[in-house]
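Here the structure is laid out as structure tokens; the discussion comes afterwards.
The values are calculated or read from the model by the stated rules, or taken from the named source; none is laboratory data. Please read these numbers as outputs of a predicted model, since none were measured by experiment. Cβ placement follows ideal geometry from the backbone for every residue including glycine, while neighbour counts extend to all protein chains displayed. With ligands, DNA and RNA removed, areas are computed over all heavy atoms of the protein, side chains included. Shrake-Rupley method; radii C 1.70, N 1.55, O 1.52, S 1.80 Å.
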Amino acid sequence: MRKVIIIGSGPAGHTAAIYAARANLRPLMFEGLARGGIPGGQLMITNDVENYPGFPEKITGPDLMKAFRDQSLAQGVEIATDDVTKVDLSKSPFSVWVGDEMNEHRARALIIATGAQAKWLGLESEAALQGRGVSACAVCDGAFFRNQDVVVVGGGDTAMEEATYLAGLCANVTLVHRRDHFRASRTMQTRVLKNPKIKVIYNAVVDEVLDVSLGQVTGARVRDLTTNAVTALACTGLFVAIGHTPNTDLFQGQLELHDNGYIKTKVGSTYTSVPGVFACGDVQDFTYRQAVTAAGSGCMAALDAERWMSAEALH
């Protein structure tokens, strides 16, 4: 029997673990192995991080997550490199099954920090150049492309937001959309279409990101879906803005979710629809999706868990 189990090991999970350990909750963290991504979350595929406080000379994503993990261990967090394969949230204490052997663990409180994954185009060249000019987060990486030409792929609100944000930094933004009309809100469309720095290419897809052989983005091959004509666009950055998928498959039917699949939390807290279960980070935040906001919500989750356990006389 554990006081707290934490599922997930990104900034939210480790911050929750550090605070829980300092509250003498002796947390057990399952950091993952393959399910839903790799231990450390999305920062593990991020080369340079310049917007996380405390690192004026910037830091790589993997190095930042190593620092998180080292701090968790120093505070006494027990970390298991395993995947959670099943949970039962129907009664307290909660049951968590781990690994192929389906070993069962139980806890008075559960903190979910399983994050989300960006949707990608599925191109080999795109995967090869992730972190080398290919990104799924303009706020995270846009500053690296000041006064340069970039391409954004997508047609929803996310793509509009990314293109608008990048237009404030970059020389030119080309928005590539596979249909002849956007599905974004009218307000967002108007903002993009009126921006002189944003050019829109409709009915087109990116077939290849250039140039893998150089190890950096130099352009994108764009194919017109009507004529099949291929054009090479020069750019130094390509931003894929076709959405994210929250890692919530474990909790389907057990927790209340938004229509987009993210876990619902009570306003101003990390409380979910099940008392004793808390959610933090990108698994419940589809608005900000930043490492620093994820870490902040991880702190909230640990404090919420400790206060709930004290009120229930479980701690």
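Here are the numbers:
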| quantity | calculated |
| --- | --- |
| Segment 226-256, residues that are under 25 Å from Asp211 (Cβ atoms), in contact (Cβ under 8 Å) with a residue 24 or more places away in the chain and among the hydroxyl-bearing types (Ser, Thr, Tyr) | Thr236 |
| Candidates Val267, Val292, filtered to the one that is in a helix (DSSP H, G or I), of a type outside the set (Asp, Glu) and surrounded by fewer than 17 Cβ atoms within 10 Å (Cβ to Cβ) | Val292 |
| Selected residue [in a strand (DSSP E or B), more than 18 Å from Arg223 (Cβ to Cβ) and in contact (Cβ under 8 Å) with a residue 60 or more places away in the chain] from Val139, Val150 | Val150 |
| Hits in segment 195-217 (condition: open to solvent by 90 Å² or more (accessible area, probe 1.4 Å) and closer than 20 Å to Ala138 by Cα) | Pro196, Lys199, Gln216 |
| Subset tally (residues that are of a type in the set (Asp, Glu) and open to solvent by less than 60 Å² (accessible area, probe 1.4 Å)) for segment 93-130 | 1 |
| Leading residue by the ranking (most open to solvent (accessible area, probe 1.4 Å)) among those in segment 270-284 that are assigned to a loop (DSSP other than H, G, I, E, B) and within 17 Å of Ala107 (Cβ to Cβ) | Pro275 |
| Residue count for segment 231-252, restricted to those that are within 17 Å of Lys199 (Cα to Cα) and in a strand (DSSP E or B) | 8 |
| Residue in segment 159-188 that is surrounded by the fewest Cβ atoms within 10 Å (Cβ to Cβ), counting only those that are of a type outside the set (Ser, Thr, Tyr) and part of a strand (DSSP E or B) | Asn172 |
| Sole exception among (1) in a loop (DSSP other than H, G, I, E, B); (2) in contact with a helix residue (DSSP H, G or I) (Cβ under 6 Å, 6 or more places away or on another chain) for Arg191, by number | (1) |
| Segment 131-143 - residue that is of a type in the set (A, V, I, L, M) and surrounded by fewer than 21 Cβ atoms within 10 Å (Cβ to Cβ) and, of those, modelled with the lowest pLDDT | Val139 |
